[in-house]
1. Please name whichever of A:Gly234, A:Trp130, A:Gly168 sits farthest to the positive end of the charge dipole of chain A, dipole taken about the Cα centre and charges placed at Cβ: Lys and Arg +1, Asp and Glu -1.
2. So if we plug the beta-carbon distance of A:Glu314 and A:Ala276 into 1/(1 + (r/R0)^6) with R0 = 45 Å, what FRET efficiency do we get, rounded to 0.05?
3. Which FRET efficiency, nearest 0.05, do A:Glu406 and A:Ala381 yield, Cβ-Cβ r, R0 51 Å?
4. Give the long-range amide H neighbours of B:Val98: residues separated by 5 or more places, or on another chain, with amide H under 5 Å away, using H modelled in the peptide plane at 1.01 Å from N.
5. What list of ³J(HN,Hα) values in whole Hz, one per residue of segment A:334-346 in order, does the Karplus curve 6.51 cos²θ - 1.76 cosθ + 1.60 (θ = phi - 60°) give from phi, with Gly and Pro shown as x?
6. Please identify every one of the trypsin sites (Lys or Arg not before Pro) in segment B:48-156 that sits in a loop by DSSP and has no more than 16 other beta carbons within 10 Å of its own beta carbon.
7. Just tell me the longest site-free run in chain B, where the sites are GluC sites (Glu not before Pro) in a DSSP loop having at most 11 other beta-carbon atoms within 10 Å.
8. Arrange A:Ile385, A:Ile36 by Cβ neighbour counts within 10 Å, fewest through most, would you?
Amino acid sequence: MTLLDILRTAFFALRGNWMRSALTSLGVIIGIAAVIVMVSIGQGTQAEIDKMVSGLGSQRLDIGGAGGMGPGGARVAQGSRWSLNDGDVEAIRNEVPTVQYASGSLRGNTQVVFAENNASTSWQGVQDDWFAINDWQIADGAGFQANDYAGSAKPVILGETVRKTLFGEDSGIGQTVRLGRVPFTVVGTLKPKGQGGFGQDQDDMVVVPLETARRRLSNSQSMPPGAVQQISVGIDDARNLGSAQGEIEALLRQRHKIEPGAEDDFAVRNISQIVATRTATTNLMSKLLGAVAGICLIIGGIGIMNIMLVSVTERIREIGLRMAVGAGPRDVRRQFLAEAMLISLIGGVIGIAIGVVGALVVGKIGDLPVQLNAQVVMLAAAFSIGTGLFFGYYPARKASLLDPIEALRQQ
Amino acid sequence: MAAGSAPVPVIRTQGLGKVYSAGTEAEVVALKAVDLVIDRGEFVAIMGPSGSGKSTLMNLIGCLDTPSSGKYFCDGVDVSTLDKEALAGLRRDKIGFVFQGFHLLPRMDATDNVAMPLGYARIPHAERRERARAALVSVGLGERAGHRPNELSGGQQQRVAIARALVNSPPILLADEPTGALDSKTGEEILALFKRLRDDGHTVILITHDAHVAAHADRTYVMHDGDLHPQTDAEAAA
């Protein structure tokens, strides 16, 4: 029989018992829809993490003040003590050879006003290396000049979101804006980065020189002179992250005169480690989701096998007759295999449709990152055909091995 | 293959034997050294009570089974050496089966039922339906081509089954109790159809336990305990 004949025969056989065929393919429909939704979520999450990695850079360390004992013995949060200062930044830059960039920073929130427009945003007081460490590029304007960092000038660089709020289509270069009550001159705008890995708007901020921030914006009463909230460090090679971290820790312990065994008053964070942990978590999640989808498919496949075995038993006389009129074992095997594959293929097509819609709905309503692509659909289609082939083979083989004399004798 | 111009008999067996469960206590000798020659265009009946071995002989002649001993040449082809696929091919090309229970597929109309064997002969779909309709016309059922088996009478269903056996133009028509499920009048009609087919050059082998049915054949053999012998006059008169 030609392929078309086999498919036609299979189609008519399935239509003859369409309710049963539909229920059988339901298992595959659910399995394939599950595969698509699960793989889309897994891929979406991975893409999100990839974006986060590329946004953060894999060659940086961040040092913040540690928590510890506050007055009265109460624990205070990490970074709430002023334990780092300009001297630490210089020491790290000069004494750790693998350190390429180092920048202390302060940050806070402020209202930015230009004419009748205003924006509530955060400010960052930074040193020159900060731009390189965080991969910020100047879009317009000259940016900070060397003497801007001395502290007497009041230049500001605007993030894209703030620029748009204040100036609309204009770049705003040379205009005077107020941060709180202090007038600043706009000397540059940043190229937009868009949404960050944690979903925040990275462009919603303004940047000023560290010393200016210290003098004009920081309103902390307790801040000692020369203090920084955070030190960001750029390492020359991602492979040196571990050793650089050790050296920086040793250096700061020495500078802060921390006795051996005593608690650090600072904390070095290796963001790439955090990302690696998240990646591992996501991979685990993807595997679990994949396992769920796989189990769905196996259950669907067992359903197919079950129904095909019933069908072989029910149609034993038909098989006998077909063999008597000239069907060989191969013809019989192909016919039943075609029926199994047709069930799973129809189930696969419907499952793909439901899965694609389901993935989009999950992305919209469930607020999960979803990434659909042609490969996922191809994979699902291949799975559905594979399920039919795998679970249909045994019943088909059983049918092909029937003895035509016995089969014809069945009533 | 016979040499020269001598026509090859459609069926020739030499010492054909069949033993079931050989070598065990349940050993059954179903067929003992049967020699049978049937030429093209003959209408032969093989008669015998149940258990006489006639079903075994039919299965062997019909290439549904292979012999334990002896040789069987089906239209000149030695059957004993063939595997299952090759046997299926031989059944497709050489033998048309007619069963007592008709064995029509209920979900197909008469034309598709008749056309079914042609599918395994890889004949194109359109030509299959055409040949199936022609076969239905030849058994007098041209008007019923679109009916399903449950819309046909017993006699009509058996005609559909005969048309299916004929559609591939096989040299051998093998009918196993073809009138067993029919009333006597309808049975006579079916037997008359076989005679007409014989007159058209088909070889018809009729297997039955009924002497009245066997009487329609040109030659009758009787099976008894695995032995095959030509019917004696006494047996015919009985």
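1. A:Gly168
2. With R0 = 45 Å, the Cβ-Cβ based efficiency is 0.20.
3. 0.85
4. Counting only residues 5 or more places away or on other chains, the set is B:Leu174, B:Ala175, B:Asp176.
5. 4, 5, 6, 5, 4, 5, 4, 6, 5, 4, 6, 5, 4
6. Filter output for segment B:48-156: B:Arg107, B:Arg122.
7. Here the longest run is B:28-238.
8. Least crowded to most crowded, the residues run A:Ile385, A:Ile36.
Bear in mind these aren't lab numbers, they're just calculated from the coordinates by the rules spelled out. This one's a predicted model, so the numbers in the text were calculated from it and none came from an experiment. Don't worry about glycine lacking a Cβ; one is built from the backbone with ideal geometry, like all the others, and counts go over all protein chains shown.
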